[in-house]
1. Quick one: is LEU72 surrounded by 16 or more Cβ atoms within 10 Å (Cβ to Cβ), outside any loop (DSSP other than H, G, I, E, B), modelled with pLDDT of 75 or more and in contact with a helix residue (DSSP H, G or I) (Cβ under 7 Å, 6 or more places away or on another chain)?
2. Looking only at the range 218-230, decide whether some residue is of a type in the set (Ser, Thr, Tyr) and touching a helix residue (DSSP H, G or I) at 6+ places or on another chain (Cβ under 7 Å).
3. Among residues belonging to the range 172-190 that are among the aliphatic types (A, V, I, L, M) and free of Cβ contacts under 8 Å to residues at least 12 places away in the same chain, point out the one that is farthest from GLY71 (Cα to Cα).
4. State all residues of the range 203-232 that are among the aliphatic types (A, V, I, L, M), without any contact (Cβ under 8 Å) to a residue 60 or more places away in the chain and surrounded by fewer than 15 Cβ atoms within 10 Å (Cβ to Cβ); if no residue qualifies, say none.
5. If ILE287 satisfies all but one of (1) under 23 Å from VAL259 (Cβ atoms); (2) at pLDDT below 80, what's the number of the condition it fails?
6. Checking the condition buried (at least 18 other Cβ atoms within 10 Å of the Cβ) and either in contact (Cβ under 8 Å) with a residue 24 or more places away in the chain or not assigned by TED's automatic domain parsing to the domain that holds PHE74 (or both), which residue from ILE267, ILE279 passes?
7. Name the pairs: first residue in the range 79-93 and under 17 Å from LEU242 (Cβ atoms), second residue surrounded by 10 or more Cβ atoms within 10 Å (Cβ to Cβ), Cβ to Cβ under 7 Å, at least 6 apart or on different chains?
8. Pick out the one residue from VAL47, VAL56 that is closer than 23 Å to ASN211 by Cα and either modelled with pLDDT of 85 or more or not assigned by TED's automatic domain parsing to the domain that holds PRO170 (or both).
Amino acid sequence: MFKVLRDWIQRYFSDEEAVVLAVLLFLAFTAVLTLGGMLAPVLAGMVLAYLMQGLVVALERMRVPGAAAVGLVFALFMGLLLVFIVVVVPLLWHQLITLFNELPGMLAKWQPLLLLLPERYPHLVSDEQVLQAIEAARGEIGKFGQWALTFSLSSLPLLVNIMIYLVLVPILVFFFLKDRAMIGEWVRGYLPRERALITRVAQEMNRQIANYIRGKVIEIVICGGVTYIAFVALGLNYAALLALLVGVSVVVPYVGAVVVTVPVLLIALFQWGWSDQFIYLMAVYGIIQTLDGNVLVPLLFSEAVNLHPVAIICAVLLFGGLWGFWGVFFAIPLATLFKAVLDAWPRKEPVVAPLL
């Protein structure tokens with residue numbers, strides 16, 4: 001047993017760079033798990049600066065001075081943030097409150113239709129099951145109301161945290177963009193001099209993660225924007241709220257599109273019933289999802305590392321359970337990181353004795 005373990009360690013951990021890389025990865029994940037809550041504004045600033053770094057580099061390649069490039073990108077970021085706070089957030093909040101107020105009416109409208117199910121399908125559904133489902137739905141709506149009341153009473157600390165984020169994150173983004181070269185030199189000063197393996201993995205991951213994150217943000221904006229325009233043109237209620245859900249759903253591969261279809265279908269069905277307008281909406285929604293999966297995703301992620309669907313789902317479940325939304329968002333880049341590390345990991349092949 002000990003010989004097998006010793007041979008395994010000798011094969012995969014005989015290289016000093018591999019040991020250093022393993023220690024660095026362990027320390028990084030431990031720091032995020034233990035200090036992620038306290039350093040959340042710093043991590044958010046790093047992510048946003050990382051997203052905008054490519055635009056700064058592109059402007060510098062166009063012979064725009066470094067300070068001017070950082071200033072232009074940061075001004076664009078602040079403008080988009082201001083539009084989101086002033087325009088998008090109040091619209092979403094208004095539609096969310098309206099939806100909450102109309103939920104009891106939706107349930108009351110569908111109750112007579114649900115009670116017809118036992119008459120049409122007596123072998124599948126009974127009266128007791130329908131009544132239990134209605135009572136359960138009412139209970140969930142009541143819990144949601146209690147949560148909304150509790151949220152409103154305890155919203156002051158949340159507002160304080162939001163204000164802290166709104167102040168700290170833009171400042172951190174600015175300095176991460178402005179001093180990215182100096183920060184990079186400072187980090188490299190603490191790394192070993194012999195770091196060919198670390199450099200190779202870092203360069204590969206920088207290319208892959210940058211392509212994925214920027215592509216995913218573009219996909220969210222395009223899907224959400226096109227969906228909002230289509231929903232508004234068709235007259236669907238809560239268009240902004242549903243478009244936000246559709247945009248965010250692309251973060252979770254395979255599952256997100258299926259889950260977000262349920263509220264779109266139910267709200268459209270409540271608004272129009274089984275009418276031509278409902279069919280038109282679902283047809284347009286299906287076209288948007290098809291174009292996203294078959295046109296937009298291949299264009300944005302043509303250089304992404306191919307991962308098996310099982311690996312993607314496992315990564316989403318694992319990192320989502322550890323870090324919530326951000327874990328889901330970075331599940332594929334983190335899975336790609338592990339794949340790149342495994343592919344680049346040095347292996348010392350065992351010596352095979354020659355056959356006599």
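The values are calculated or read from the model by the stated rules, or taken from the named source; none is laboratory data. Computed from a prediction, not measured in an experiment: that's the story for all the values here. Positions of Cβ are generated from backbone atoms using ideal geometry, with glycine treated the same way; all protein chains shown enter the neighbour counts.
1. For LEU72, the condition - surrounded by 16 or more Cβ atoms within 10 Å (Cβ to Cβ), outside any loop (DSSP other than H, G, I, E, B), modelled with pLDDT of 75 or more and in contact with a helix residue (DSSP H, G or I) (Cβ under 7 Å, 6 or more places away or on another chain) - is not met.
2. Of the range 218-230, the ones of a type in the set (Ser, Thr, Tyr) are 227-228.
Filter again for touching a helix residue (DSSP H, G or I) at 6+ places or on another chain (Cβ under 7 Å), leaving 227-228.
The answer is yes; a qualifying residue exists.
3. VAL187
4. VAL221, ILE229, VAL232
5. (2)
6. Only one candidate passes the filter, namely ILE267.
7. Every condition considered, the pairs that remain are LEU91/ALA240; LEU92/ALA240; LEU92/LEU241; LEU92/LEU244.
8. VAL56
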